[in-house]
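For reference, the structure discussed in these notes is given below.
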Amino acid sequence: MSKLVLSGLTKRYGSHAAVDTLDLTVESGHLVSLLGPSGCGKTTTLRLVSGFAVPDGGSISVAGQVVSSARGVVPPEKREMSMIFQSYALWPHLTVAENVAYGLKLRKLPRADIERRVQAMLDTMQLRRFEARYPAELSGGQQQRVGLARALVVEPKILLLDEPLSNLDASLREEMRHEIRRLHDRFHYTTIYVTHDQAEAMTTSDLIAVMRDGKIEQAGAPDDIYERPETEFVARFIGSTNILRGRRVGEHEADCDGLRLVCESGHWPEDGSAVVSIRPHRITLSGAADGSAPGTVERAIYLGAQRHYIVALDAGPKLQVLASSDVLAHEGERVGLTLPPAHCRALIR
Ligand SMILES: Nc1ncnc2c1ncn2[C@@H]1O[C@H](COP(=O)(O)OP(=O)(O)OP(=O)(O)O)[C@@H](O)[C@H]1O
Ligand SMILES: [Mg+2]
């Protein structure tokens, strides 16, 4: 099988480490997302894995064999990997069928085999009726599917996808997200999927690795990363959240501008400070007499299925609250918020 292990991986451009002592294990047959802001080193990591870039330190191994280290790399064409680049780079002068067949021709397979595998892949990707067209005659989503078909048809051991949905509109992106997961469930390629879209990562992945400044800041299952972020960076990057700052005043308690918060989970900074995250949908909004934290509704926004409130607490902080649309409060109204300890999480910076 094709377990992929990146250890201490480092790539410098001048004095800047684009990838900085990065450790990541992708179990055989798993799909791992690399999620992080622009410039954090996602594409560079994929280029290292695919063999297009040589690391300055650390190593990459596939099924126990080292394929990259500072001492040398196995060239891309000998790696049995397919990479889909951020711009999906189809050959403009080849038809859909010829684009899909390209990698098989390079491998000098018998013509009948190529024909059979290309046709099967065109069926899988629902591209049969476009097979004689050129890329310029296809929509963005169709081109994206050709890109995927071309990568999958060679039956790679490892599949590397660099923001494969970045050029699509919102509804097509959503459709293709599910498509990618469906294909993965069918073929089980060991996959690294690069994105900076958290919904995309949550839909497609077995494991999400959140990257910051060339390092993995936290890796875990989607619910783990969302419910149990360890740092403020991860909490903010995955979904929206309220961050409150203050000092630690008890084993599980923080004081943030006079607001006392009990945190059932998390980690506390060593310097006695406190950073607490609570997701907007975990806060309950009720009448002024209820709730532990009184305040005034500053903004009330109707979103259809939900209502979004910004509440200025008497204690000082302002909080975002997401409530069901039956919970009605008006701007200027006095309300009480409940901040359940089970959903208050202490974070390190
Ligand atoms: N060939 C290069 N020469 C010099 N610096 C580079 C080179 N390639 C990348 N970098 C730098 O390395 C850092 C990481 O770049 P990378 O392309 O890996 O980011 P990314 O996470 O893929 O970002 P994006 O989400 O914008 O695609 C950036 O600061 C970038 O400017
Ligand atoms: Mg990139």
For a quick check of your reading of the model, give me the residue pairs whose first member lies in region 192-212 and is not assigned by TED's automatic domain parsing to the domain that holds residue 34, whose second is assigned to a strand (DSSP E or B) and within 13 Å of ligand 1 (Cβ to nearest atom), with beta-carbon atoms closer than 8 Å and at least 6 apart or on different chains. none
Restricting attention to region 222-252, report how many residues are of a type outside the set (Asp, Glu) and over 24 Å from residue 203 (Cα atoms). 9
For a quick check of your reading of the model, give me the residue pairs whose first member lies in region 289-307 and is farther than 12 Å from residue 328 by Cα, whose second is part of a strand (DSSP E or B) and small (Gly, Ala, Ser), with beta-carbon atoms closer than 7 Å and at least 6 apart or on different chains. 289/336; 290/336; 291/336; 293/336; 294/336; 295/312; 296/312; 298/312
On the basis of being more than 25 Å from residue 212 (Cβ to Cβ) and either in a strand (DSSP E or B) or not small (Gly, Ala, Ser) (or both), does residue 255 make the cut? yes
Mind listing whichever residues of region 282-311 are more than 26 Å from residue 228 (Cα to Cα) and not in a loop (DSSP other than H, G, I, E, B)? 286, 287, 294, 295, 296, 297, 298, 299, 300, 301, 302
If you check residue 128 against the conditions, is it at pLDDT below 90, touching a helix residue (DSSP H, G or I) at 6+ places or on another chain (Cβ under 9 Å) and charged (D, E, K, R)? no
Check whether at least one residue in region 63-70 is more than 15 Å from ligand 1 (Cβ to nearest atom), surrounded by 13 or more Cβ atoms within 10 Å (Cβ to Cβ), part of a helix (DSSP H, G or I) and at pLDDT 90 or above, and report yes or no. no
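Conditions tested, residue by residue: (1) surrounded by fewer than 16 Cβ atoms within 10 Å (Cβ to Cβ); (2) of a type outside the set (A, V, I, L, M); (3) more than 16 Å from residue 154 (Cα to Cα).
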site	(1), (2), (3)
55	no, yes, yes
83	no, no, no
107	yes, yes, no
112	yes, no, no
116	yes, yes, no
123	yes, yes, no
127	no, no, yes
139	yes, yes, yes
142	no, yes, yes
Only one of these conditions is not met by residue 261: (1) free of Cβ contacts under 8 Å to residues at least 12 places away in the same chain; (2) more than 14 Å from the chain's Cα centre (by Cα). Which number is it? (1)
All conditions in (1) surrounded by 15 or more Cβ atoms within 10 Å (Cβ to Cβ); (2) closer than 30 Å to residue 212 by Cα; (3) modelled with pLDDT of 95 or more are true of residue 300 except (2)
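Any idea which of 17, 70, 53 is more than 20 Å from the chain's Cα centre (by Cα), farther than 22 Å from residue 204 by Cβ and touching a residue at least 60 places away in the same chain (Cβ under 8 Å)?
Residue meeting the stated conditions: 17.
Could you say which residue among 28, 2 is among the small types (Gly, Ala, Ser), crowded, with 16+ Cβ neighbours inside 10 Å and away from ligand 1 (no atom under 16 Å from the Cβ)?
2
Please determine, by comparing only the residues of region 156-170 that are away from ligand 2 (no atom under 16 Å from the Cβ) and at pLDDT 85 or above, which one is surrounded by the most Cβ atoms within 10 Å (Cβ to Cβ). First the steps, then the outcome.
From region 156-170, those away from ligand 2 (no atom under 16 Å from the Cβ) are 156-159, 168-170; that's our starting set.
Checking the rest, the ones that are also at pLDDT 85 or above come to 156-159.
Details: 156: 20, 157: 16, 158: 23, 159: 25.
By that ranking, first place goes to 159.
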Out of 15, 33, which single residue is under 29 Å from residue 237 (Cα atoms), of a type outside the set (Asp, Glu), out of contact with any strand residue (DSSP E or B) (no Cβ under 9 Å at 6 or more places or on another chain) and within 13 Å of ligand 1 (Cβ to nearest atom)? 15
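What do you reckon, is residue 257 charged (D, E, K, R) and exposed (fewer than 13 other Cβ atoms within 10 Å of the Cβ)?
Against the criterion (charged (D, E, K, R) and exposed (fewer than 13 other Cβ atoms within 10 Å of the Cβ)), residue 257 qualifies.
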Take residue 76 and tell me if it is more than 16 Å from ligand 2 (Cβ to nearest atom), at pLDDT below 95 and not small (Gly, Ala, Ser). yes
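Within 12 Å of ligand 2 (Cβ to nearest atom) and more than 25 Å from residue 148 (Cβ to Cβ) - does that describe any residue in region 38-52? Spell out the reasoning first.
Keep residues of region 38-52 that are within 12 Å of ligand 2 (Cβ to nearest atom), which gives 38-47.
Add one more test, that the residue is more than 25 Å from residue 148 (Cβ to Cβ), and what stays is 39.
Checked region 38-52: at least one residue is within 12 Å of ligand 2 (Cβ to nearest atom) and more than 25 Å from residue 148 (Cβ to Cβ).
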Those residues of region 37-53 which are more than 12 Å from ligand 1 (Cβ to nearest atom) and surrounded by fewer than 22 Cβ atoms within 10 Å (Cβ to Cβ), in sequence order: 51
Looking at region 191-204, which of the residues that are crowded, with 24+ Cβ neighbours inside 10 Å and away from ligand 1 (no atom under 16 Å from the Cβ) is farthest from residue 240 (Cα to Cα)? 191
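The values are calculated or read from the model by the stated rules, or taken from the named source; none is laboratory data. Just so it is clear, the structure is predicted and the values come from calculations on it, not from any experiment. Positions of Cβ are backbone-derived with ideal geometry, glycine not excepted, and every protein chain shown enters the neighbour counts.
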